[in-house]
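**Student:** Shown below is the structure under consideration.
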Amino acid sequence: MTEPGPESAHREGRDGASARESWHANWTTRRWLRVGVSASLVLLLSLGVLGAWVFVRSAKITDRLVDRSSPALITAVRLEAGLVNQETGIRGYALTGRSDFLDPYVQGLAQQQDAVDGLRRLLADDTSAEQDLDLVLTRAAAWQSAVARPIAGSPAGAPVPEGAQLSANGKSAFDALRAATSVQQDHLQQDRLRGRADLQSVRALRNLVFGIIALIILGLAVLVFEGLRRGVTKPLGRLSADAGRVAAGDFGHPIVGTGPADLRRLAAVVESMRRRLSDELAFKERAREILDAQAADLKRSNAELEQFAYVASHDLQEPLRKVASFCQLLQRRYGGSLDARADQYIEFAVDGANRMQTLINDLLAFSRVGRMHTGYAPVDLDKLCGATVDALSIAIEESGAVVTHDPLPEISGDATQLGMLLQNLLSNAIKFRDPGRSPRIHLEAARDGDVWHFAVADNGIGIDGDYVDKVFVIFQRLHTREAYPGNGIGLAMCKKIVEFHGGTIGVDLDHTPGTRITFTLPVGAPVSSVSLTAAETGAAR
């Protein structure tokens with residue numbers, strides 16, 4: 001068999017360490033708190049039980065000293081005092097025969113009985129102490145029967161004849177009694193000293209236990225603080241710092257999760273959001289670069305279009321004027337001299353040149369919308385509409401049209417372009433009139449917040465709903481040139497003017513009979529248009 005090399009041993013050790021470290025890798029903050037609080041409660045409960053036991057033990061020893069040991073020793077001393085009083089009274093009565101010497105003896109007997117009753121009650125559960133008491137009572141009974149009672153039973157008035165002899169004989173018995181009381185008191189004193197020693201030991205244990213409890217509570221507080229710092233506040237602080245750097249614009253800074261599993265999952269979610277935002281910003285940056293390139297191409301195209309407009313307005317207009325002029329000269333000089341087909345050809349040439357000139361002029365006007373812009377200024381639409389009606393007065397008079405309008409506001413815009421808008425809309429309403437009825441044209445105006453809603457309504461031939469979108473496309477015609485003259489550029493120019501001013505234009509399909517063109521214009525100058533104009537002006541400079 002091949003022995004494992006150092007690399008495999010290192011790998012096994014690393015795997016073992018990973019296994020040991022990963023047992024709590026999936027613990028959430030709630031689980032850490034639950035385990036920590038449970039362990040702390042168990043520890044505190046154990047210490048509480050130990051403290052309660054110390055309290056109970058101390059109370060028992062204190063009760064023993066206060067209720068048994070000390071009272072028993074005091075009662076034993078009182079018992080000895082009662083016996084001594086008996087011996088003193090008997091000895092005095094034996095020597096004098098006086099009855100008043102028996103009073104200490106009688107009191108000593110009562111004192112003895114009280115002391116014996118007290119000791120019986122106090123020493124009920126102590127066999128050794130009861131044996132000491134029995135020994136004292138036995139020797140007291142022996143002395144009393146041998147000495148005290150015979151002397152006390154003698155008549156008073158004269159010394160007891162046998163008193164001296166009985167006292168001498170009873171001395172050894174009383175000494176034995178005194179020795180028994182001394183042994184009893186020594187035992188009770190030793191028991192009291194043992195109780196005091198036990199009490200001091202319990203007090204020391206109590207102080208130790210409460211000191212340990214205080215230290216453990218302090219340690220738990222430190223552990224809780226450190227655990228919260230490492231497991232909650234520090235990971236959250238790091239997450240907040242990383243998120244702050246991302247929010248400040250460093251979208252490439254990774255957000256690394258630390259701490260419990262739920263905080264790591266939160267960091268992973270935030271990191272996923274950061275990556276999505278970074279990808280979207282990168283995509284938008286690329287799109288912006290593409291838009292910038294397209295804007296540059298558009299600016300170059302506009303420059304080329306302006307150059308084309310210049311060429312069309314100067315270089316193309318002059319040849320067209322010459323063609324039209326010479327065709328007209330041919331028509332005037334040779335009209336009627338040639339055959340009918342030649343006259344027709346000359347008429348076609350003149351008409352084509354005129355239409356080409358009109359088309360070029362319309363294209364120039366369309367291309368200038370939004371480019372040839374001098375800035376926004378207050379425009380009184382009421383006066384502008386009056387000027388437009390005056391400009392169309394011949395067409396209005398020939399068609400018998402009646403043009404009316406609501407009170408029109410003053411808005412911010414380009415007066416020239418707005419005049420072209422009204423002129424195209426009104427001229428279309430006159431042009432596409434119904435032969436069977438007199439044209440009625442009305443310009444409506446109503447304000448809705450920061451937007452004015454306008455409409456030009458007529459009773460003409462109307463627009464089929466299938467061609468609503470088509471009418472706003474340049475060069476799109478719904479009728480032949482023979483039926484209605486024009487180049488199909490009027491409504492396309494209207495749409496461009498309205499959109500340049502930040503509005504919208506459309507056809508009201510519910511209006512009958514005739515056509516109702518609706519459009520909106522902002523009360524103030526649109527910001528985008530102003531910025532665009534300023535940018536174009538700066539670029540032109």
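The values are calculated or read from the model by the stated rules, or taken from the named source; none is laboratory data. Everything numeric here is computed off the predicted structure, so don't read it as measured data. Cβ coordinates were reconstructed from backbone atoms using ideal geometry, including for glycine residues, and neighbour counts include every protein chain displayed. Side chains included, ligands, DNA and RNA excluded: accessible areas come from the protein's heavy atoms. Shrake-Rupley method; radii C 1.70, N 1.55, O 1.52, S 1.80 Å.
To keep it simple, each residue is scored yes or no on (1) hydrophobic (A, V, I, L, M, F, W, C); (2) open to solvent by less than 40 Å² (accessible area, probe 1.4 Å); (3) modelled with pLDDT of 70 or more.
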site	(1), (2), (3)
Gly352	no, yes, no
Met356	yes, no, no
Asp362	no, no, no
Ala365	yes, yes, no
Val369	yes, yes, no
Asp380	no, no, yes
Thr388	no, yes, yes
Ser399	no, yes, yes
Pro409	no, yes, yes
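Okay, residues lined up against (1) more than 19 Å from Val379 (Cα to Cα); (2) open to solvent by 60 Å² or more (accessible area, probe 1.4 Å); (3) in contact with a Cys (Cβ under 9 Å, 6 or more places away or on another chain); (4) at pLDDT 85 or above:
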| residue | (1), (2), (3), (4) |
| --- | --- |
| Arg447 | no, yes, no, yes |
| Asp450 | no, yes, no, yes |
| Asn459 | yes, no, no, yes |
| Asp466 | yes, yes, no, no |
| Phe472 | yes, no, yes, no |
| Leu478 | yes, yes, no, no |
| Met493 | yes, no, no, no |
| Glu499 | no, yes, no, yes |
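**Student:** Go through Val183, Val232, Val246, Val147 for me and flag whichever is of a type in the set (Val, Ile, Thr) and either at pLDDT 85 or above or surrounded by fewer than 12 Cβ atoms within 10 Å (Cβ to Cβ) (or both).
**Tutor:** Every option except Val183 fails the conditions.
**Student:** When you look at Val37, is it farther than 30 Å from Ser201 by Cα and assigned to a helix (DSSP H, G or I), yes or no?
**Tutor:** When the stated conditions are applied, Val37 passes them.
**Student:** Something else now. What's the number of the condition Lys431 fails, among (1) open to solvent by 60 Å² or more (accessible area, probe 1.4 Å); (2) farther than 24 Å from Gly506 by Cβ; (3) at pLDDT below 85?
**Tutor:** Checking Lys431 against (1) open to solvent by 60 Å² or more (accessible area, probe 1.4 Å); (2) farther than 24 Å from Gly506 by Cβ; (3) at pLDDT below 85, the one that fails is (2).
**Student:** Please go through region 65-107 and pick out each residue that is out of contact with any helix residue (DSSP H, G or I) (no Cβ under 7 Å at 6 or more places or on another chain) and within 30 Å of Val202 (Cα to Cα).
**Tutor:** Selection gives Val66, Asp67, Ile74.
**Student:** Please work out which residue is surrounded by the most Cβ atoms within 10 Å (Cβ to Cβ), limiting yourself to region 86-115 and to residues that are assigned to a helix (DSSP H, G or I) and of a type in the set (Gly, Ala, Ser).
**Tutor:** Ala94
**Student:** Taking the options Leu83, Leu73, Leu45, name whichever one is at negative phi, among the hydrophobic types (A, V, I, L, M, F, W, C), open to solvent by 60 Å² or more (accessible area, probe 1.4 Å) and modelled with pLDDT of 75 or more.
**Tutor:** Numbers: Leu83 fails: open to solvent by 60 Å² or more (accessible area, probe 1.4 Å); Leu73 fails: open to solvent by 60 Å² or more (accessible area, probe 1.4 Å).
It is Leu45.
**Student:** I've got another one for you. Report whether or not Ser99 is closer than 30 Å to Val209 by Cβ, polar (S, T, N, Q) and touching a residue at least 24 places away in the same chain (Cβ under 8 Å).
**Tutor:** The answer is no for Ser99.
**Student:** Further question on the same structure: Within region 413-428, take every residue that is open to solvent by less than 70 Å² (accessible area, probe 1.4 Å) and polar (S, T, N, Q) and give me the one that is nearest to Pro378 (Cα to Cα).
**Tutor:** So, considering only residues that are open to solvent by less than 70 Å² (accessible area, probe 1.4 Å) and polar (S, T, N, Q), the one nearest to Pro378 (Cα to Cα) is Gln417.
**Student:** Here's a follow-up. When the residues of region 267-302 are narrowed to those that are open to solvent by 60 Å² or more (accessible area, probe 1.4 Å) and touching a residue at least 12 places away in the same chain (Cβ under 8 Å), which ends up farthest from Pro235 (Cα to Cα)?
**Tutor:** The extreme case among them is Lys299.
**Student:** Kindly indicate which of Leu277, Leu281, Leu320 is assigned to a helix (DSSP H, G or I) and at pLDDT below 80. Let's see the steps before the verdict.
**Tutor:** Values: Leu277 fails: at pLDDT below 80; Leu281 fails: at pLDDT below 80.
Unique residue meeting the criteria: Leu320.
**Student:** Quick one: count up the residues across region 409-418 that are touching a strand residue (DSSP E or B) at 6+ places or on another chain (Cβ under 9 Å) and under 23 Å from Ala395 (Cα atoms). Spell out how you get there, then give the answer.
**Tutor:** Filtering region 409-418 for residues touching a strand residue (DSSP E or B) at 6+ places or on another chain (Cβ under 9 Å) gives 409-415, 418.
From what's left, under 23 Å from Ala395 (Cα atoms): 415, 418.
The total comes to 2.
**Student:** Restricting to region 398-413, give me the number of residues that are small (Gly, Ala, Ser) and either part of a strand (DSSP E or B) or closer than 17 Å to Thr520 by Cβ (or both).
**Tutor:** 2
**Student:** Let me ask something additional. Scan (1) loosely packed, with under 14 Cβ neighbours inside 10 Å; (2) touching a Ser or Thr at 6+ places or on another chain (Cβ under 6 Å); (3) modelled with pLDDT under 85 for the single condition Tyr376 breaks and write down its number.
**Tutor:** (1)
This table checks each residue for (1) within 20 Å of Leu65 (Cα to Cα); (2) acidic (Asp, Glu).
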site	(1), (2)
Asp175	no, yes
Ala180	no, no
Val183	yes, no
Gln190	yes, no
Ala197	yes, no
Arg206	yes, no
Leu215	no, no
